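Every read-out reported here was derived from the displayed coordinates using simple, explicitly stated rules and does not represent laboratory data. Everything quoted here is computed from the prediction, not taken from an experiment. When we count neighbours, we look across all protein chains shown, and the Cβ atoms used for this are built from the backbone with ideal geometry, even at glycine.
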Amino acid sequence: MTTNTAPSEPTTPTTPTAQTSPSAPLSLSRTTATAARVLRQLRHDPRSIALMILIPCVMLFLLRYVFDGSPRTFDSIGASLLGIFPLITMFLVTSIATLRERTSGTLERLLALPLGKGDLIAGYALAFGVLAIIQSALATGLALWFLDLDVMGSPWLLLLVALLDALLGTALGLFVSAFAASEFQAVQFMPAVIFPQLLLCGLFTPRDTMHPALEAVSNVLPMSYAVDGMNEVLTHTDMTADFVRDALIVAGCALLVLTLGAATLRRRTA
């Protein structure tokens, strides 16, 4: 008796496929490994390091002597600019550096590894955050002890807001890099993202004296709370409830933008 058996389908050896997202949403080891790689690359780019660390100090130094005949003017706006300058420089350098990795294919290769989007964004934020700490400490020390910026509050609170502003600039730079196809386009995002906040943050005129529509817009922009936080340190000897609110809003905005950056992170090819 013969039996008919269906021909068995040829078996092909299975090859492991690249994981686009690991099981754990965020891993400390993968995040720190990413941050270490970014810092190693930045070590070979002294111009970017100089831009991030030295430019805010140079701008504060120039501003001090622009108002050499009116030191009170420097005191009134110097604290605000101590937070704004790090935000702008970190935004510019982070957006260009991240886009450079995207266009060079480095980001493409990293996304083919068992590396989550959250690990990647957190690693970049950690690496640039280390530079933001150095930048903020140098700028704050220069303003307080060499340029005689007169503030009533604690220098540590001033440093805290400057650091949060730098981290916010890092988060914004990581976020907008996903929408730029070239470094030139990344720079073009500055007028759209930074300049409106600069005009409406209360640096040039109190926000409550603006047109009601513009005041409403300024109330949802994070740079407004960065300036408000600096002004709290400028005029109060102790930590106030308004300062805590402003600092938490800036930190929350940075975290929110980082989350959006992870959500919009994608490969350039299918």
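Couple of notes before you dig in:
- Diffusion coefficient of the stretch 29-89 by Stokes-Einstein, Kirkwood radius over Cα pairs, 25 °C, 0.890 mPa s: 181 µm²/s.
- Positive contributions from Lys and Arg (+1) and negative ones from Asp and Glu (-1), summed over other residues with Cβ under 10 Å from the Cβ of residue 127, come out at +2.
- In a DSSP loop and with at most 15 other Cβ atoms within 10 Å, the chymotrypsin sites (Phe, Trp or Tyr not before Pro) in the stretch 165-270 are 204.
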